[in-house]
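Have a look at the structure below, then the notes.
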Amino acid sequence: MRPWAVAALVLALAAPLAAGLAHAEALPADADKDGVMDDVDDCLASALYEMVDATGCTVCDCDEDASGQEWSSRSAYLRCVLDEVRARRADARLDRKAARLVVKAARNSTCGYATKVRCCIMFVGKPKGMCKVMDELRCEASLLGAELVEDLDSGSCFPNPCLAE
């Protein structure tokens, strides 16, 4: 192939790539990675693997049900999450892998429990601690025999939120 033909081919292939990169830079941000762009997201800090609505706010809030009351039971919270997962799987808004992660996060959470917290048990020299859902009163360094214990209040232990500062 002649040198000028190679140069023309390279330019022809590079132009769409450059246009694609310019377009990618122009896309709006989604800081919490919930699928709702920040410019229309009413809840900018939704947790990873939480089901959100079109405004970016969680569908099954960990602390309260749709009526604004505390969950009547753990089962009621899990039923809300599972119903939403089934609905989104049925209309193809959620694939199988994502559905599993959502359910895993819900099952590894304090949601629906009145007295449970996420307890971070930190180990000396380790960048990550261990997250356990337990009674608030038990999340104490002296009881757990740990050097540092932190109560993270409500939420999920998946993915692990216990990082050394």
Between Leu148 and Phe123, the two model label points (7 Å from Cα along the beta-carbon direction) sit apart by a distance in nm of 1.5
For segment 29-112, shape from the Cα gyration tensor axes a ≥ b ≥ c, cut at a/c of 1.5 then a/b versus b/c, turns out oblate
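Every number in this text was worked out from the coordinates using simple rules, so none of it is lab data. The structure displayed is predicted, hence computed values, not measured ones. When we count neighbours, we look across all protein chains shown, and the Cβ atoms used for this are built from the backbone with ideal geometry, even at glycine.
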